[in-house]
Amino acid sequence: MSLINKEIGEFTVQAYQDNDFYEVSKADVLGKWSIFFFYPADFSFVCPTELEDLQNKYEDIKATGCEVYSVSTDTHFTHMAWHDESKRIGQITYPMLGDPTHVLSKDFEVYIEETGLAERGTFIVNPEGKIVSYEISAGNVGRNADELFRKLQACQFVAEHGNEVCPARWKPGDATLKPGADLVGKL
C-alpha cells in the first residue's frame with residue numbers, strides 16, 4: 001500500500017541539535033517542507049556515511065525552505081554521545097530525532113519489529129504534512145543526498161506548477177512536460 005499523500009500522524013519526540021535538547025512535534029513540521037531521514041542505528045557502519053553526505057547537502061536543502069530530520073530508534077542522549085565521539089557525525093548541524101518509543105518509525109512504516117530498528121527510509125513531506133515522495137532501502141545500501149535534493153526540488157516545482165511534470169533526471173531550469181493528448185505516443 002502506498003504512503004503517497006498519507007498525512008503524518010501526531011508525534012512529539014526529543015531532538016538533539018547544536019549541543020542542545022528540545023522537543024519536535026507535528027506542529028513544528030506543518031507549514032514547511034521536511035525530509036525525514038530514517039536510519040537503523042547510531043554507532044554503526046553505513047549510517048555515518050549517509051548522515052555526513054546529507055550534512056554536505058544541508059545548506060542547499062535549507063535554502064529551499066526545507067528542514068531535515070534524521071531519525072533512529074536511539075535516544076537523543078545517544079545522538080549527543082555519537083555526535084561527540086564521531087568525526088563525521090560531529091559535523092552534523094541538522095536535528096537528530098530520537099524515536100525510542102517508535103512513534104515515528106511505525107507511522108512512516110519503517111519499523112522492524114524483530115530488531116527494534118528502523119529501515120533506511122527517506123520521506124519528503126509537504127507543508128500540509130503529507131508524504132509526497134519516499135524511498136526505502138535495504139540496511140546495507142547507503143543513499144545519495146544529491147538525488148534526494150533533486151527529488152525535493154522536483155516535488156516543490158510540481159507543487160507550485162501543478163499543470164507541469166518533471167521527467168527523469170529533471171533539475172531546476174530543465175524543460176518540464178505538460179501532460180496532454182498531444183504527448184501520447186510522442187515521447
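Multiply the residue separation of GLU23 and ALA138 by 0.36 nm, subtract the distance between their alpha-carbon atoms, and state the gained length in nm to one decimal. List each step's numbers first, then the result.
Details: separation 115, 0.36 × 115 = 41.40 nm, distance 2.93 nm.
Computed gain between GLU23 and ALA138 is 38.5 nm.
How far is helix 76-85 tilted, in degrees, relative to the longest principal axis of the Cα atoms in the chain, given as a value from 0 to 90 rounded to the nearest 10?
Its long axis makes an angle of about 80 degrees.
In which sequence would LEU117, LEU177 go, from the one with the fewest C-beta neighbours within 10 Å to the one with the most?
Working: LEU117 20, LEU177 12.
Least to most surrounded, the residues fall as LEU177, LEU117.
Considering only DSSP beta bridges whose two residues both sit in region 5-143, what percent are antiparallel, to the nearest 5? All intermediate terms of the calculation are to be shown ahead of the outcome.
Numbers: 21 of 30 bridges.
Expressed as a percentage, antiparallel bridges in region 5-143 total about 70.
Would you work out which of ALA63, ILE35, GLY142 lies farthest towards the positive end of the dipole of region 12-183? Charges go on Cβ: Lys and Arg +1, Asp and Glu -1.
ALA63
Suppose each label sits 7 Å from its Cα in the direction of the beta carbon; what would the ASP60-HIS102 distance come out to in nanometres?
Label at ASP60, label at HIS102, 3.6 nm between them.
Using a Förster radius of 25 Å, what is the FRET efficiency between GLU109 and PHE77 based on their Cβ-Cβ separation? Nearest 0.05, please. Please list the in-between numbers first.
Working: r = 26 Å, r/R0 = 1.04.
For GLU109 and PHE77, the calculated efficiency is 0.45.
Ranking request for peptides 141-147, 161-167, 70-76: highest mean number of other beta-carbon atoms within 10 Å first, then the rest in descending order.
Details: 141-147: 14.9, 161-167: 12.4, 70-76: 23.4.
Taking the mean over residues of other Cβ atoms within 10 Å, the ranking is 70-76, 141-147, 161-167.
Starting from the Cα of LYS178, move 7 Å in the Cα-to-Cβ direction to define the label point; list residues of region 135-163 whose amide nitrogen is under 17 Å from there.
Only 158-163 pass the distance filter.
When the Cα centres of region 59-90 and region 116-163 are compared, how far apart do they sit, in Å?
Computed from Cα coordinates, the inter-centre distance equals 17 Å.
Which FRET efficiency, nearest 0.05, do ASN163 and LYS32 yield, Cβ-Cβ r, R0 25 Å? Don't skip to the end; give the middle numbers.
Working: r = 24 Å, r/R0 = 0.95.
Computed FRET efficiency for ASN163 and LYS32 comes out at 0.55.
Would you list, by chain and number, the lysines whose Cα falls below 18 Å from the Cα of LYS130, excluding same-chain residues fewer than 8 positions away?
LYS130 reaches LYS6, LYS26, LYS32, LYS106, LYS151.
Quick one: angle between helix 46-63 and the longest Cα principal axis of the chain, in degrees between 0 and 90, rounded to 10, please.
60
Could you size up the charge dipole of region 22-152 around its Cα centre, putting +1 on the beta carbon of Lys and Arg and -1 on that of Asp and Glu, and report it in debye to the nearest 20?
Details: 12 positive and 22 negative charges, 72 e Å.
Computed about the Cα centre, the dipole is about 340 debye.
Looking at the chain as a GNM with Cα springs under 10 Å, which of GLY129, GLY173, GLY139 has the largest mean-square fluctuation?
Taking springs between Cα atoms under 10 Å, the residue moving most is GLY173.
Throughout, read-outs are computed from the coordinates displayed, never taken from laboratory work. It should be emphasised that the depicted structure is a prediction, and the values quoted were computed from it without experimental measurement. We place every Cβ from the backbone using ideal geometry, glycine too, and count neighbours over all the protein chains shown.
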